[in-house]
Structure formats: structure tokens, C-alpha cells
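Written out below as C-alpha cells is the structure these notes cover.
The values are calculated or read from the model by the stated rules, or taken from the named source; none is laboratory data. Being a predicted model, the structure only gives us computed values, none of them experimental. Please note: Cβ atoms are built from the backbone with ideal geometry, for glycine as well, and neighbour counts cover all protein chains shown.
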Protein chains: 2
Amino acid sequence: MFINPISLLIPPGTSLASGAGTILLSISAPTAGLPGHADPVAPILLVLVLIAIGAALGGKAMRWVGQPAVLGELLVGMLIANIGYALHEPILTVIREGETISQIVTLALQNALTLPEAVHQILPPGNNTERLAAALAGPMAPVAVSVYSFVDLLSRIAVIVLLFLVGLETDIGEMKKVGWPSFLVAMVGVVAPFLLGLGAMALLMPEAPLQKDIFIGAILTATSVGITARVFRDLRQAHRTEARIILGAAVIDDVLGLLILAVVSALVVTGTISLVSISWITLKAVVFLVGSISVGLWLAPRLVRRIARLKIENLKLLFGLGFAFVLAWLANLSGLATIIGAFAAGLILESFFDKELEGHSLRDLLSPIESLIVPVFFVLMGTQVKLETFADPKVTLIAVALTVAAIAGKLVAGLGCSPKLDRLSVGIGMMPRGEVGLIFAGIGKGLGVVSDAVFSAVVIMVMVTTLLTPPLLKITLARSRPAA
Amino acid sequence: MFINPISLLIPPGTSLASGAGTILLSISAPTAGLPGHADPVAPILLVLVLIAIGAALGGKAMRWVGQPAVLGELLVGMLIANIGYALHEPILTVIREGETISQIVTLALQNALTLPEAVHQILPPGNNTERLAAALAGPMAPVAVSVYSFVDLLSRIAVIVLLFLVGLETDIGEMKKVGWPSFLVAMVGVVAPFLLGLGAMALLMPEAPLQKDIFIGAILTATSVGITARVFRDLRQAHRTEARIILGAAVIDDVLGLLILAVVSALVVTGTISLVSISWITLKAVVFLVGSISVGLWLAPRLVRRIARLKIENLKLLFGLGFAFVLAWLANLSGLATIIGAFAAGLILESFFDKELEGHSLRDLLSPIESLIVPVFFVLMGTQVKLETFADPKVTLIAVALTVAAIAGKLVAGLGCSPKLDRLSVGIGMMPRGEVGLIFAGIGKGLGVVSDAVFSAVVIMVMVTTLLTPPLLKITLARSRPAA
């Protein structure tokens with residue numbers, strides 16, 4: 001193990017003597033270099049504390065005006081990141097870019113580029129690109145990348161914990177009862193936005209080929225259930241039938257989304273559809289869902305009873321989270337979202353876990369962890385709302401059309417459930433697109449069927465549907481009486 | 001926000017049509033590429049579960065043979081990483097390198113190199129270097145780097161939480177009582193290993209210049225208190241006077257270590273010592289220690305009382321951890337280790353926090369978090385024990401001399417406290433060098449006064465003192481009666 005921190009501080013070719021200044025400098029300002037106790041976790045500690053303070057104050061302020069706390073977390077993230085960007089603050093400029101940063105770093109490492117060179121290869125020329133390249137050229141770049149990467153991964157674990165908790169509070173028998181309405185909501189919620197998006201694009205850009213319109217229609221079919229699940233928790237309405245229908249529909253939507261992506265990508269690239277690959281994708285997703293739940297319901301109690309004899313400290317928390325992580329990993333392996341696996345893990349353990357093992361309930365044990373890390377996910381989601389995207393009139397026009405199609409399509413989906421339920425809340429709950437819509441749009445961009453203007457419009461659509469969901473759900477849920 | 005995952009999958013110059021195979025491939029195996037739901041957190045989930053299972057089994061096995069659980073975690077880490085390395089498993093090969101990976105990545109990004117090129121610039125030619133370069137050349141390299149980086153940062157947060165807990169269980173008045181013996185133990189524990197190390201090197205390498213011997217003596221003065229603190233917790237002896245003396249001595253040792261590093265670096269580079277920079281380093285460290293504790297004891301209760309009125313959910317846990325993180329960050333800013341700041345934060349809150357705020361005690365709230373993440377630190381420390389380093393006879397000879405000097409020097413330090421106490425346990429508790437010794441050795445290597453052979457010997461010395469401490473402390477603490 002050869003540790004050579006000085007070599008990073010002294011440019012190649014510099015003599016040892018002229019490096020002395022660097023060493024003393026770095027000792028007197030240890031965050032700038034490696035010697036002394038410059039712990040790379042130090043800036044992350046500060047960022048986590050700032051996120052926690054921001055989330056607590058934002059959540060508090062929103063509850064004060066009667067809104068769900070999650071809206072405050074989104075808005076605080078949006079404010080901090082856009083102010084930081086305006087002030088040319090490198091760490092916030094990097095965090096605001098979101099997932100693009102991972103792609104820039106990977107490209108730079110694989111093709112032996114500097115970070116600014118990789119920025120210019122991935123992003124189109126423009127003011128935003130120059131500003132990001134400048135942030136990634138400065139001395140703070142390694143710190144900024146390391147902070148972004150850690151906070152991003154922590155936030156992904158956070159939303160896995162959130163959906164695991166939602167699963168732990170959901171009775172699997174009750175879920176089965178809503179199977180049919182969930183299926184209808186998911187199907188309508190895929191078909192309606194697809195047709196509306198396709199129609200809107202055909203009207204706005206009549207000269208574009210049909211396969212472009214099809215791809216953009218497909219982007220609008222996504223559902224990202226994290227926000228909705230959190231709003232139901234914030235408003236203490238997670239027990240409602242509407243919440244279960246939305247969760248079930250989101251699971252089905254995740255499978256449908258995989259298929260749609262495969263179909264439209266194949267259509268664009270080859271003009272045909274491979275039935276073998278489509279069947280394989282469907283098979284893997286369905287095998288995971290049916291298999292994990294049926295095997296899990298049989299295996300998990302037996303496993304727990306055996307392990308319980310080992311008398312491992314904190315077994316309940318360790319086994320619970322470990323089970324959720326393994327199912328999240330398996331879901332990802334079969335092409336589904338990690339949160340779908342975490343939700344399935346929660347459904348399975350809900351049926352027996354707290355009866356089998358003594359001590360505090362798993363939900364109580366997870367509660368402090370939830371309160372620490374879940375806000376990180378929503379603050380980070382907020383940081384990725386780029387206010388300057390709303391300034392381009394050409395983009396705004398497409399964005400308005402896509403947003404209207406996206407909202408109307410999912411509101412119609414609410415009609416898939418019984419009129420005795422609050423169909424409007426179900427429709428609104430299906431609205432947020434989140435990262436799923438962005439992944440679709442990114443692939444379309446790579447295939448050349450999504451232009452820069454349409455991509456920016458999709459980003460605006462995702463941001464608007466995300467930010468609108470908490471306040472709208474708050475209004476509709478307060479109006480209607482619980483059905484249970 | 002321009003997401004273009006496909007561009008990473010299709011090499012430049014490839015036509016869109018030939019990229020189609022890549023897309024379908026990556027959809028059918030989403031972990032290989034970005035499309036679909038390939039969540040970058042998925043491999044980390046699996047690694048965390050494996051670490052948790054390994055730590056639980058290792059800890060259980062050690063307790064079964066009457067040893068502290070931490071020894072099991074170290075050994076499990078050592079076994080898994082060395083087996084993975086033997087089997088050419090890329091992720092474990094990368095994790096085993098430890099902090100060198102961050103330096104390789106930083107160098108590659110700043111100088112536009114590929115990762116294997118950066119490996120060859122940082123590490124000396126050899127079998128180990130080739131194997132690491134191969135692991136970082138393959139398709140798993142981005143995953144391996146991302147897993148290492150996340151787990152490393154998480155483990156740094158873990159040891160901060162551990163020392164914060166130790167502080168929370170330590171009465172500040174009792175700490176003041178052991179001020180004098182702690183100071184004596186720290187001073188003897190610096191002077192004795194320094195002289196022994198210097199003497200050993202003068203005997204083994206009589207031709208080397210004196211400044212080399214001085215630097216190597218300085219490396220032996222470090223103390224890393226994480227392992228010892230954990231062993232006292234594992235054995236439920238954390239209340240003993242010996243534990244407090246060791247903690248106090250470790251804090252003083254951290255300040256002394258900073259000074260020694262500055263003095264010997266200046267001696268080697270310029271041949272003189274700058275009194276101004278030495279005074280500045282001392283001033284910053286002392287101002288932090290005295291300032292944070294005195295201001296903290298005055299400010300923290302007033303702050304808590306004000307914030308308590310806001311009725312923020314989970315305030316106790318959020319404020320407690322946030323306070324620890326801020327003091328860890330401040331400690332790092334003043335040149336000290338983050339864990340020193342976290343320990344100071346614990347000392348401050350111990351005096352009033354649980355009396356001021358109702359609900360579960362902060363220690364109880366932190367307990368599930370401790371059990372989840374603290375083992376990550378010790379398993380990761382274990383993974384960095386490279387068994388093949390013990391094979392080189394030339395290195396082993398120097399290593400034996402340094403290890404004997406390192407152990408004897410710290411055992412003598414135990415004489416700094418009263419003969420009524422268990423002086424042997426105090427000496428053993430001061431033994432582990434941990435990352436502090438490695439940082440010193442790395443700087444010496446950069447300055448050209450630590451050869452590759454001596455560096456490897458230092459690594460062995462660090463590994464041996466770390467692995468010996470838990471079983472030796474177990475024996476001596478069981479023999480002596482608690483003094484309290």
C-alpha cells in the first residue's frame with residue numbers, strides 16, 4: 001500500500017525544494033491538500049448538516065402554511081442550488097447538474113480527458129456548460145465530485161428506506177384487493193399520456209417524423225412514486241385505499257415502462273420490434289415480482305426463525321434493512337427500479353416480522369434513520385430544478401404542451417378506479433415523473449429523436465409535475481373523506 | 001440538464017445503427033449499462049449487506065471465543081479482501097488499496113490520464129500494481145471506484161459517530177481529573193517510540209542520514225484511538241479511569257502529532273524550523289480544543305433551548321449528530337482529526353443534553369445507527385491488511401524492528417499514570433497507529449526520506465499494532481479489577 005499524497009500537490013517536474021511551500025501551506029490549511037488530518041469526509045459533514053437544517057426549516061415553514069413537509073424540502077433545495085449557481089459556487093453548481101456528473105466523470109476516466117473536456121463532450125455549447133466546466137476545472141472539483149457522489153448515493157438509499165417503510169405499513173391482502181383497479185389505473189395512465197403527448201407533438205411540430213412523436217409520447221408514460229408516497233405519509237393518509245391503488249399502479253407502471261422503452265428504442269433504431277427481447281424483459285420483471293413475493297413469504301419467516309437463535313445484536317434492524325437491500329438489488333438486476341424491490345420487501349416482512357421477533361417494531365427502529373436521510377433525497381431532487389430553463393420562450397411553448405398532456409393523461413388515469421374513491425387524488429398521485437421520465441428522455445437524446453429543445457421541455461415537465469403534486473394532493477385529500 | 005447515457009455505451013465514431021446492439025444488450029442486462037433502471041446504488045446495497053453479514057458472523061465468532069467483536073470484524077475484512085485479491089475480483093482488489101484509490105482517481109482526472117496510467121504513476125512497478133491496474137482497466141472500474149468511495153466515506157462517518165458516542169458517555173469533570181496523567185502518558189508515548197524508532201533505524205541502516213531516522217522515529221509517535229475506544233465498548237469497560245486517560249492522551253497526541261509532522265517535514269525540506277508556522281499550528285489546535293469546549297458548554301444549552309421551541313420532529317437526533325458533524329468539521333479545519341471534534345461534541349452534550357430535551361436518550365437514538373455503520377469502519381480497516389507484504393524478508397526485518405519499537409514505546413507510556421491503575425492496559429490502549437501512522441509515512445515517502453521497503457515495513461507495523469490491540473487489551477482488562 002503506497003500512499004503518496006504529496007505527489008498530488010507537487011506538479012510533475014517541480015523540484016522537492018520548491019514543493020516545501022506547498023507542504024507548509026497545506027498544513028496551515030489542511031482542507032486544501034492531503035497532509036495533516038485533511039479528512040475527505042469533512043466537507044460532506046458540513047453539506048449534510050446544511051441539508052438537515054434547510055430541510056427542517058423548509059418542512060416547518062410548509063407545515064405552518066398547511067402544506068406537506070416534502071414541498072418545503074424540494075423548495076429549499078431549489079433555492080439553495082439556484083442561488084449557489086448564480087453566485088458561481090462550485091459545489092452547488094456541480095450538485096445541481098445531478099446524474100450528468102457521474103457521466104462526465106466516467107467519460108473523463110475512460111477516455112483520459114480532464115473534467116472540463118468531458119463536460120464539453122457531453123453537454124451542448126452554452127452558458128450553463130461553461131459555468132459547469134469552470135466549476136470542474138477549479139481546485140474544488142475533486143471535493144465537489146466527491147460530495148455530489150456521496151450525497152447522491154445516500155439519497156438513493158434514502159428513497160429505498162422510504163419505500164421499504166411504505167411496504168412495511170401495507171397489508172399484502174389489502175394490496176391484492178386493489179389489484180384490478182391498480183391495473184386499470186396503470187393502463188389508462190400509460191395509454192392516455194402517450195396519445196396526448198403524441199398528439200401534442202404532431203400539432204406543434206407537424207414536420208417531425210412519426211417515430212419522434214411516438215418516443216415523446218412514451219416519455220410521458222412514466223410514474224415516479226417517491227413524492228406521492230411521501231405526501232401520503234406527511235398527511236398521515238397512507239392507510240387509504242387510494243394510496244394502495246397508486247402504489248400498485250406504480251409497480252405495474254414500472255414493468256410497462258420497461259417494455260415501452262424497449263419497444264420504442266427498437267422501433268427508432270431498427271424500425272422493427274424483437275418479440276424475443278420483449279418477452280425476455282417481461283419475463284424477468286414478472287418473475288422477480290411474483291417470485292420475490294411468493295418465495296419471500298415462504299422463505300423469510302423460516303430464515304428469521306433460524307437466525308434469531310444466533311442472538312445477534314440488533315438483528316431486527318440488520319435483517320430488515322438487509323432484506324430490503326437484497327430485494328432492491330434483485331429488482332434492479334431484473335430491470336426494475338430498486339424502490340420496487342424495497343416496497344416488495346416491506347410487503348413481505350409486514351405479514352410476520354414484528355410478531356416473530358421481540359423488541360421495538362421495525363418501523364420504530366427505522367424511524368430515526370428515516371428522519372435523518374429521507375429529506376436528503378427530496379432536497380437533492382429540489383436542487384435539480386434549474387430555474388433558467390423556464391426563460392427560453394421556444395422551450396416554454398413545448399414545455400407547456402407536454403406538461404398539459406402529462407397532467408391530463410394521468411388525471412384521466414384516476415377514472416380507472418371506483419367512483420366511490422377519490423379519483424382526482426389517484427390521478428394527481430400518478431402525476432410525478434421524477435427520474436424515470438428523465439432516463440427515457442436521455443435515451444431518446446442518445447438515439448437522436450429528442451432534440452435539445454424537447455429535452456429541456458421534458459425537464460420542465462418533470463419539474464412542474466413534481467412540484468405541483470404535494471400542494472394539489474393536499475387540497476384534494478383534505479376535501480374527500482377517507483374511504484376506509 | 002442533458003443526460004446522454006447512450007453516448008457512454010457507444011464508442012465515438014460508431015454509427016447509430018451499430019449502437020443498437022449495445023442498447024438491447026444493456027436493456028437485457030441493465031447493470032452493465034445505464035438505460036432501464038440501472039441504479040448506481042445497487043452494487044453498494046449488496047456490498048453493505050455482505051459487510052453486515054460478515055461483521056455479524058465475525059463478531060459472533062470472536063465473542064464465542066471470548067474476544068472483542070471488533071477483532072472479528074477486522075479479520076473478516078482481511079479474509080474477504082485477500083481472497084478477493086487472490087481471485088482477481090476487481091471490486092475487492094480496489095477496496096483493498098484503501099486511500100490510494102482516491103489519489104489515483106484525482107491524479108487521473110487532473111492530468112487527463114486513464115486510471116491504469118494513474119496507477120503506474122503513483123505505485124512502484126510490481127505484481128500488485130499490475131493487478132490493480134488491470135482491475136481499474138476493466139468494465140467494472142467505475143462501479144469499483146464508486147463502491148470504494150461510498151463505503152470509505154460512510155466508514156469515516158461511522159468512526160465519527162463512534163467517538164461522539166464515547167464522548168457522550170464521558171463526564172467532562174472526570175476527564176479534567178485525568179488531565180495530568182493523560183498529559184504524561186501522551187508525552188512519554190511520543191518521546192519513547194521516537195527514540196526507539198530512531199535507534200532501531202540507526203542500528204539497521206547505519207549509512208542512512210540522521211534526518212531519515214528522525215522521520216521514521218516521528219512516524220512511530222502516532223496514536224489512533226478508534227480501535228481502543230471500540231474494544232472498551234465491546235468489553236463494557238468504557239467507564240474505567242484507564243479509558244479516560246487513553247482518550248485524553250489521544251487528544252493531546254493528536255496535537256503533538258501535528259507539531260511533530262510540521263517540525264520533521266520542515267527539517268527534511270529546508271533544514272530549519274519556522275517558529276512562526278509551528279506557533280500558528282499549535283495556536284489553531286489549542287484554540288479549537290479550548291474554544292470549542294468552553295464556548296460549546298456555554299452556547300449549546302442556550303441554542304438547544306431556543307430550537308426546542310420550534311418543535312421539530314426528531315430534533316434530539318438531528319441536533320446531536322449535527323453538532324458532532326460541525327465540531328468534527330471545525331476540528332479538521334484547525335488541523336486536527338475529525339474524531340477529536342466528534343469526541344469534544346460528545347463531552348459537551350453529555351453535560352446537559354438528555355436533561356434538557358425529553359424523549360429517549362441520545363445514546364439510545366444513536367444505538368441502531370451505531371450498530372449499522374460502525375462495523376463498516378472496522379471491516380474496511382481489515383480489508384487493508386495486505387497479507388503478501390509479510391512475504392518479503394528484507395521488509396520483514398525492518399518491520400519487526402519498527403513493530404518492537406512501536407509496541408515497547410507505547411507500553412512505556414503506560415508508566416505515565418498512577419501505579420494504582422492498570423498501566424499495562426493504558427500502554428496497550430495507546431498502541432494502534434491506524435491511519436495517522438500511514439499519513440505520516442506517506443508524507444515521508446513524498447519527501448524522499450521513506451524508501452519503499454521502509455514504507456511497507458510501516459504498513460506492517462500499523463497492521464500488527466492494530467490487530468494485536470483487541471486480544472491483548474481483552475487479556476489485561478480481564479486480569480485487572482476496575483479501579484472506579
Criterion violated by residue B:124 - all others in (1) at the interface with chain A (Cβ under 9 Å from one of its Cβ atoms); (2) assigned to a helix (DSSP H, G or I); (3) surrounded by fewer than 19 Cβ atoms within 10 Å (Cβ to Cβ) satisfied: (2)
Suppose we filter B:241, B:228, B:221 for residues that are closer than 16 Å to residue B:402 by Cβ, away from chain A (no Cβ under 14 Å), of a type in the set (S, T, N, Q) and in contact (Cβ under 8 Å) with a residue 12 or more places away in the chain; which single one remains? B:221
For region B:448-473, which positions are within 25 Å of residue B:236 (Cα to Cα) and either aliphatic (A, V, I, L, M) or at pLDDT below 90 (or both)? B:463, B:464, B:466, B:467, B:468, B:472, B:473
All-but-one check, residue B:300 against (1) modelled with pLDDT under 90; (2) part of a helix (DSSP H, G or I), failing number (1)
Do we find a residue being of a type outside the set (A, V, I, L, M), closer than 24 Å to residue A:436 by Cα, part of a helix (DSSP H, G or I) and in contact with a Pro (Cβ under 7 Å, 6 or more places away or on another chain) anywhere in region A:239-257? no
Quick check on region B:437-455: of everything there that is crowded, with 22+ Cβ neighbours inside 10 Å, more than 8 Å from chain A (Cβ to nearest Cβ) and in a helix (DSSP H, G or I), which residue is nearest to the chain's Cα centre (by Cα)? B:437
Test for residue A:294: is it of a type outside the set (A, V, I, L, M), free of Cβ contacts under 8 Å to residues at least 40 places away in the same chain and over 30 Å from residue A:212 (Cα atoms): yes
Failed item in (1) in contact (Cβ under 8 Å) with a residue 24 or more places away in the chain; (2) farther than 16 Å from residue A:109 by Cα, with residue B:145 passing the rest: (2)
Tell me, which residue of region B:260-277 that is hydrophobic (A, V, I, L, M, F, W, C) and surrounded by fewer than 16 Cβ atoms within 10 Å (Cβ to Cβ) is nearest to residue B:439 (Cα to Cα)? B:273
Among residues belonging to region A:314-362 that are closer than 20 Å to residue A:247 by Cα and β-branched (Val, Ile, Thr), point out the one that is nearest to the other protein chains (Cβ to nearest Cβ). A:338
Kindly indicate the residue of region A:53-89 that is buried (at least 20 other Cβ atoms within 10 Å of the Cβ) and not in a helix (DSSP H, G or I) and also nearest to the other protein chains (Cβ to nearest Cβ) among those meeting that condition. A:68
Just to be sure, is residue B:265 assigned to a helix (DSSP H, G or I), among the polar types (S, T, N, Q) and within 11 Å of another protein chain (Cβ to nearest Cβ)? yes
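Quick grid of which residues meet (1) modelled with pLDDT of 90 or more; (2) closer than 20 Å to residue A:102 by Cα; (3) within 10 Å of chain A (Cβ to nearest Cβ):
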position: B:8; (1), (2), (3): no, yes, yes
position: B:19; (1), (2), (3): no, no, yes
position: B:49; (1), (2), (3): yes, no, yes
position: B:91; (1), (2), (3): yes, yes, no
Within region B:396-426, work out how many residues are in a helix (DSSP H, G or I), in contact (Cβ under 8 Å) with a residue 60 or more places away in the chain and over 27 Å from residue B:152 (Cα atoms). 18
As an exercise: evaluate residue B:431 against (1) away from chain A (no Cβ under 13 Å); (2) in a helix (DSSP H, G or I) and give the number of the one condition it does not meet. (2)
Can you find even one residue in region B:377-391 that is over 30 Å from residue B:53 (Cβ atoms) and surrounded by 22 or more Cβ atoms within 10 Å (Cβ to Cβ)? no
Exactly one condition in (1) out of contact with any Leu (no Cβ under 8 Å at 6 or more places or on another chain); (2) at pLDDT below 90 is false for residue A:262; which is it? (1)
